[in-house]
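A.B. asks: Dumping the structure here so I can ask a few things about it.
The values are calculated or read from the model by the stated rules, or taken from the named source; none is laboratory data. Because the structure is predicted, anything quoted here is derived from the model rather than measured. Here the Cβ positions follow ideal geometry from the backbone for every residue, glycine too, while neighbour counts run over all protein chains shown.
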Amino acid sequence: MKNNIPLSTIRSFKANEEVRAYLLLKEKHLRLTREGKPYLDVILSDRSGMIIGKIWEHAGDIEPMIETGSPVGVRAFVEDFRGRKQLNITRIVPVNEEDFSAKGFSWELILPHTGQNPEKMWRFVERTIKKVENPKLLALLQLLIINNRSRIVKHPASLRRHHAVIGGLLEHLVYMLNLGLRAAKQYGLDKDLVIGGILLHDIGKLEALSGYPSNVPTDGGNFLGHEVIGYNMVENALSEIGNFPEEPALKLKHIILSHHGRYEHTSPRKPAFPEALLVLYLNELDTRMDMMKTAIGRELDDGDWTSAKNDFRIPLYKPKKDEDHDNTAEDRPHTDKKP
Ligand SMILES: [Fe+2]
Ligand SMILES: [Fe+2]
């Protein structure tokens with residue numbers, strides 16, 4: 001890429017400007033216009049956000065040259081399309097670390113990370129697991145959580161919807177545990193089941209999502225979903241451990257299968273006891289809190305309200321500039337919560 005335009009990040013893109021940036025290609029779809037001309041629809045991201053782009057010229061030739069999950073160098077015009085920024089891409093090239101690091105590329109620029117310290121969060125998980133009394137459940141958490149440490153500390157919690165960052169799954173688990181321990185006490189619930197249920201509810205995401213840099217659904221994720229994959233992982237671990245008491249085993253599996261709560265939300269079961277209901281609501285709360293904070297943090301223009309083009313389908317109120325302490329491209333919008 002020519003260097004006459006400085007490199008920038010998605011969060012600092014302004015409508016009607018020409019920009020140049022290194023971005024991660026999340027999705028590409030070759031489509032036809034009404035006139036039958038091929039064009040490319042792409043979704044691009046960096047540490048600061050995500051943006052849709054269109055490639056109108058030579059789309060058929062460009063499509064095989066760029067790879068989903070890989071970095072690309074982009075030159076584009078930022079357009080305002082129905083209140084949302086979008087890129088009209090004039091140049092897009094595949095990028096690799098060796099050739100492009102001298103030109104300003106680094107993986108750090110494009111891969112989004114949790115705003116929390118992964119080591120601290122992991123220590124919180126370990127401390128919480130030590131509170132578990134049932135030795136068989138401890139063995140299960142050792143197998144599926146402790147032994148998977150290197151994967152869990154890096155894994156995102158989803159594709160796009162919430163905590164879709166490196167370390168996002170760990171953050172999601174820690175925030176749920178932090179609230180769940182208090183709620184378990186307040187409502188007089190089975191602490192072991194709450195801890196085990198929270199830690200295992202999304203364990204299937206380790207297999208359902210590829211993780212970064214590409215973070216795409218695996219075939220298993222698309223065919224089965226993370227609930228069924230997680231159920232299988234627990235089932236296999238239970239038979240490896242042997243003699244796991246029947247009722248807690250069934251309850252843990254029920255929590256995994258019911259944590260999305262509604263049949264139409266890919267949940268095969270609805271919560272049938274209080275600990276399962278708690279995991280459902282903690283999951284929903286933490287998911288939606290992250291979605292709202294991310295939606296607000298993504299729109300940095302001067303208005304007081306975001307557009308209604310977000311998961312909540314209403315304009316969201318933005319913090320005043322002096323309240324917004326994390327106003328840099330590197331910071332994620334929700335670094336204020338401490339586990
Ligand atoms: Fe889930
Ligand atoms: Fe979850």
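A.B. asks: Within segment 156-173, can you find the residues that are more than 12 Å from ligand 2 (Cβ to nearest atom) and either β-branched (V, I, T) or in contact with a Leu (Cβ under 6 Å, 6 or more places away or on another chain) (or both)?
C.D. replies: Within segment 156-173, V165, I166 meet the criteria.
A.B. asks: Working only within segment 219-248, note down all residues that are more than 19 Å from E284 (Cα to Cα) and under 15 Å from the mean Cα position of the chain (by Cα).
C.D. replies: G221
Yes/no per residue for (1) under 26 Å from P217 (Cβ atoms); (2) assigned to a loop (DSSP other than H, G, I, E, B):
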| site | (1), (2) |
| --- | --- |
| R75 | no, no |
| Q86 | yes, no |
| A102 | no, no |
| H155 | yes, yes |
| A164 | yes, yes |
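A.B. asks: Test S101 against the criterion of being loosely packed, with under 14 Cβ neighbours inside 10 Å, closer than 30 Å to M291 by Cβ and without any contact (Cβ under 8 Å) to a residue 12 or more places away in the chain, and give yes or no.
C.D. replies: Answer is no for this residue.
A.B. asks: Among (1) under 25 Å from E63 (Cβ atoms); (2) within 16 Å of ligand 2 (Cβ to nearest atom), where does V93 come up short?
C.D. replies: Result: V93 passes all but (2).
A.B. asks: Here is a further query. Got at least one residue in segment 296-313 being within 16 Å of ligand 2 (Cβ to nearest atom), touching a Leu at 6+ places or on another chain (Cβ under 6 Å) and either modelled with pLDDT under 90 or not in a loop (DSSP other than H, G, I, E, B) (or both)?
C.D. replies: no
A.B. asks: A further question on this structure: Test R161 against the stated conditions and say whether it is basic (K, R), closer than 21 Å to M289 by Cβ and surrounded by fewer than 20 Cβ atoms within 10 Å (Cβ to Cβ).
C.D. replies: Considered against the rule, which asks whether it is basic (K, R), closer than 21 Å to M289 by Cβ and surrounded by fewer than 20 Cβ atoms within 10 Å (Cβ to Cβ), R161 comes out as yes.
A.B. asks: Could you tell me whether R149 is at pLDDT below 95 and exposed (fewer than 15 other Cβ atoms within 10 Å of the Cβ)?
C.D. replies: No, not satisfied.
A.B. asks: Right, something else. Name every residue in segment 199-230 that is touching a strand residue (DSSP E or B) at 6+ places or on another chain (Cβ under 9 Å), away from ligand 2 (no atom under 16 Å from the Cβ) and hydrophobic (A, V, I, L, M, F, W, C), in order of residue number.
C.D. replies: Correct list: V216 only.
A.B. asks: Mind telling me which of the residues G211, G220 ends up being modelled with pLDDT of 95 or more and small (G, A, S)?
C.D. replies: The match here is G220.
A.B. asks: What helices (runs of 4 or more DSSP H) lie completely within segment 169-264 and have 1 or more residues being assigned by TED's automatic domain parsing to the domain that holds L138, closer than 30 Å to W107 by Cβ and more than 16 Å from ligand 1 (Cβ to nearest atom)?
C.D. replies: Ranges flagged: 219-241.
A.B. asks: Between A164, A139, A157, which is under 30 Å from H260 (Cα atoms), aliphatic (A, V, I, L, M) and in contact with a Lys or Arg (Cβ under 7 Å, 6 or more places away or on another chain)?
C.D. replies: A157
A.B. asks: If you scan segment 1-51, which residues turn out to be assigned to a loop (DSSP other than H, G, I, E, B) and either among the hydrophobic types (A, V, I, L, M, F, W, C) or surrounded by 15 or more Cβ atoms within 10 Å (Cβ to Cβ) (or both)?
C.D. replies: M1, I5, S8, T9, F13, A15, R47, S48
A.B. asks: Here's something else I'd like to know. Which numbered condition in (1) surrounded by fewer than 19 Cβ atoms within 10 Å (Cβ to Cβ); (2) under 20 Å from the mean Cα position of the chain (by Cα) is the only one that R82 fails?
C.D. replies: (2)
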